[in-house]
Amino acid sequence: MNGQEYINRKIIISEPITDELARDVIGRILEINDFDSQMDAVLKEYKAEPIEMFINSGGGSATAGNAIITAMEMSDTPIITYGFGIVASMALAIFTSGDIRIASRLCRFMYHSVSYGTIGHIKDHEDGIKEANILQEMYDDLFLDRTKITKSMMERIRKEKKDFFFSGKRAVDLGVADDIMAKPEKKFEILTEEEIEQI
């Protein structure tokens, strides 16, 4: 017995990145790490299975996403991230923070500059822009550290005010993903009419 069966190691992010989601995801990561730490102290040959994080999200709050990434970086248990559907904006930063990153062949990825908008006086806008620039620098640093996306690519995307969409294959080329999930084999063979009659 290795204790692995007693805790669910799958985390699904399939909604906007919010403070509420961050609370739940961080709680799960901490819970799994606490479990592994206790099992390691009890079982001599204990080897923790990785956490699997399945991501299908268009992004959301930069600060909530950074909180999730911080918990991922603190995790002694390895984390595998899987890109499903859409992995965009802050969800892309979370995906990129996995120890191993796997892209679905049907996934679309998207990088863009941090969104900004506020209502108020000029000073409010000045403060907001200053904070947005700090968040942008933090966001970009994640990709500079962990991918092949260059500063010049980021600056061009920001200057053109566009969303940069790319495929799972391109994600591997850019160092965003480590590999692509293989197309699954057909589970059932198609029977001929003659074979059906023999059943």
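The values are calculated or read from the model by the stated rules, or taken from the named source; none is laboratory data. Not measured: the values here are computed from a predicted model. Reconstructed Cβ throughout: ideal geometry from the backbone, glycine too, with neighbour counts over all protein chains shown. Surface accessibility is based on the protein's heavy atoms, side chains included, excluding ligands, DNA and RNA. Shrake-Rupley method; radii C 1.70, N 1.55, O 1.52, S 1.80 Å.
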Checklist line | Residues of region 67-100 that turn out to be open to solvent by 10 Å² or more (accessible area, probe 1.4 Å), over 12 Å from Ile51 (Cα atoms) and in a strand (DSSP E or B), as a count | finding: 3
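Can Ser61 be described as open to solvent by less than 10 Å² (accessible area, probe 1.4 Å), in contact with a strand residue (DSSP E or B) (Cβ under 7 Å, 6 or more places away or on another chain), in contact (Cβ under 8 Å) with a residue 24 or more places away in the chain and small (Gly, Ala, Ser)? Write out each step before concluding.
Details: open to solvent by less than 10 Å² (accessible area, probe 1.4 Å): no; in contact with a strand residue (DSSP E or B) (Cβ under 7 Å, 6 or more places away or on another chain): yes; in contact (Cβ under 8 Å) with a residue 24 or more places away in the chain: yes; small (Gly, Ala, Ser): yes.
Here the answer is no, as Ser61 does not meet what is asked.
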Notebook entry, point to check: What number of residues within region 3-43 are in a helix (DSSP H, G or I), out of contact with any strand residue (DSSP E or B) (no Cβ under 9 Å at 6 or more places or on another chain) and of a type outside the set (Gly, Ala, Ser)?
Noted result: 16
Check: Are any of the residues in region 117-129 in a helix (DSSP H, G or I), modelled with pLDDT of 65 or more and of a type in the set (A, V, I, L, M, F, W, C)?
Finding: yes
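Within region 101-112, take every residue that is assigned to a loop (DSSP other than H, G, I, E, B) and in contact (Cβ under 8 Å) with a residue 60 or more places away in the chain and give me the one that is least open to solvent (accessible area, probe 1.4 Å).
At the first step, the residues of region 101-112 found to be assigned to a loop (DSSP other than H, G, I, E, B) are 104-107, 112.
Remaining after also requiring in contact (Cβ under 8 Å) with a residue 60 or more places away in the chain: 104-107.
Details: Ser104: 20, Arg105: 117, Leu106: 123, Cys107: 2 Å².
For region 101-112, the residue satisfying everything is Cys107.
Hey, can you tell me all the residues within region 129-148 that are β-branched (Val, Ile, Thr) and surrounded by 17 or more Cβ atoms within 10 Å (Cβ to Cβ)?
Residue satisfying the conditions is Thr147 alone.
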Check: When both residues are 6+ apart or on different chains and their Cβ atoms are under 8 Å apart, which pairs have a first residue that lies in region 144-166 and is of a type in the set (Asp, Glu), and a second that is assigned to a loop (DSSP other than H, G, I, E, B) and surrounded by 12 or more Cβ atoms within 10 Å (Cβ to Cβ)?
Finding: Asp163/His112
